[in-house]
Amino acid sequence: MRRTYRNPFFLASICLFAGLVQAQRSSPKTPAAAQAIAVAPQYDTSHLYVAPTDVSSFVKSFVGTFGGTSTRQVLVTVTPTPSKTTSEFLQTPVGTVSLFGFTTPIPTPFGSERTGYLVTDLDKALQAARAAGAEVVVAAFPDPIGRDAVVRFPGGVVTQLYWHTTALSYRAFDHVPENRVYVSNDTADAFLKSFLAFAHAQILSDEKSADGVELGRPGYRFRRVSLESSFGRMTVFVTDGLLPYPYGRETTGYEVDNLDATLSKATKLGASVLTGPVAVSGRNSAVVIFPGGYVAEIHSQR
């Protein structure tokens, strides 16, 4: 039987009471100002919305592929306006997912946010976001053990920010996942300027003429920028928007030790390989779709 909670925020409530193993926090080396806002990559999640009928099959496939655990499914209200969704928090060694299966219509703009970032102070984070040129599209709203808000960066990149009254402690990832962001040539510089300022991120590489084979377009050249901050890793794909399916649908890239073995497990558990594997930018990469329609990139280093 599912338990029903009234007006909690899913990720905060689930994570606090899930009894996950405590471990030492780990984050990239970034300026102290950034670390005053960000916590660490293992506290940031990919947000996924699927039909309630697909929740169980997705959890079985995703956790079976990457390992880890899922919290008990509950029925909750995760938005500041009336709604209901089933929810679970999936924690694996290579990334976490906040999983929502709405049983009511989804209030706007929820469902458009790609990630949730834990911050040390929500007011400071919103101030930093505005100062960096982002807009607050959902004002701060309370939940039983914290506060939440939604911001949108130039280029239309939507992110949920959240804060806990009581600090959490999760084990660090074996491999930090990659937030995969697609922006246009017209908005790329504005997005990069904004996010770099907000997250105090560092540019690891800025390839002005990356091989389009990475996006299913051999012979095409595009700009690829890799960033790192205390929020984790991000790869920004600057393109003309002429993207063959499924590129642009994947929001997260998961690094594994053995790509072939991981793809074998994934397909046995109901996932399908959409593209690859292909050797690109120092990695072997494939794009898969899990039950429920979640598209993700999976890669291993070469």
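The values are calculated or read from the model by the stated rules, or taken from the named source; none is laboratory data. All values reported here derive from a predicted model rather than from experimental measurement. Glycine gets a Cβ as well: all are built from the backbone with ideal geometry, and neighbour counts include every protein chain shown.
Assorted remarks:
- Filter pass, VAL273 being of a type outside the set (Ser, Thr, Tyr) and farther than 23 Å from VAL157 by Cβ: yes
- Complete set of residues in segment 59-72 that are on the phi < 0 side of the Ramachandran plot and part of a loop (DSSP other than H, G, I, E, B): THR71, ARG72
- Residue list for segment 248-274, restricted to those being crowded, with 17+ Cβ neighbours inside 10 Å and of a type in the set (Ser, Thr, Tyr): THR251, THR252, TYR254, THR262
- Scanning segment 236-254 for residues that are more than 20 Å from the chain's Cα centre (by Cα) and outside any loop (DSSP other than H, G, I, E, B) yields a single hit, THR239.
- Between LEU48, LEU75, LEU16, the distinction of being modelled with pLDDT of 90 or more, surrounded by fewer than 22 Cβ atoms within 10 Å (Cβ to Cβ) and not in a loop (DSSP other than H, G, I, E, B) belongs to LEU75 only.
- Among the residues of segment 167-196, the ones that are within 30 Å of THR71 (Cβ to Cβ), in contact with a strand residue (DSSP E or B) (Cβ under 9 Å, 6 or more places away or on another chain) and surrounded by fewer than 16 Cβ atoms within 10 Å (Cβ to Cβ) come to 2 in all.
- All positions within segment 191-227 that are over 20 Å from GLY156 (Cα atoms), assigned to a strand (DSSP E or B), out of contact with any Lys or Arg (no Cβ under 6 Å at 6 or more places or on another chain) and not basic (Lys, Arg): GLN202, ILE203, LEU204, SER205, ASP206, ASP211
- Restricting attention to segment 169-190, the residues being in a strand (DSSP E or B) and hydroxyl-bearing (Ser, Thr, Tyr) number 2.
- Residue among SER184, SER194, SER209 that is under 24 Å from ALA38 (Cα atoms) and either at pLDDT below 95 or among the polar types (S, T, N, Q) (or both): SER194
- Just one of the listed residues (GLY248, GLY253) is outside the structural domain of PRO52 (by TED's automatic domain parsing), touching a Phe, Trp or Tyr at 6+ places or on another chain (Cβ under 6 Å), small (Gly, Ala, Ser) and within 25 Å of PHE231 (Cα to Cα), namely GLY248.
- Scanning segment 59-88 for residues that are among the hydroxyl-bearing types (Ser, Thr, Tyr) and free of Cβ contacts under 8 Å to residues at least 40 places away in the same chain returns SER70, THR79, THR81, SER83.
- For segment 99-108, the count of residues that are over 15 Å from the mean Cα position of the chain (by Cα), aromatic (Phe, Trp, Tyr) and not in a helix (DSSP H, G or I) is at least one.
- Residues that are more than 22 Å from VAL63 (Cβ to Cβ) and hydroxyl-bearing (Ser, Thr, Tyr) occur in segment 263-284; there is at least one.
- Count - residues of segment 276-296 that are out of contact with any Ser or Thr (no Cβ under 7 Å at 6 or more places or on another chain) and buried (at least 17 other Cβ atoms within 10 Å of the Cβ): 4
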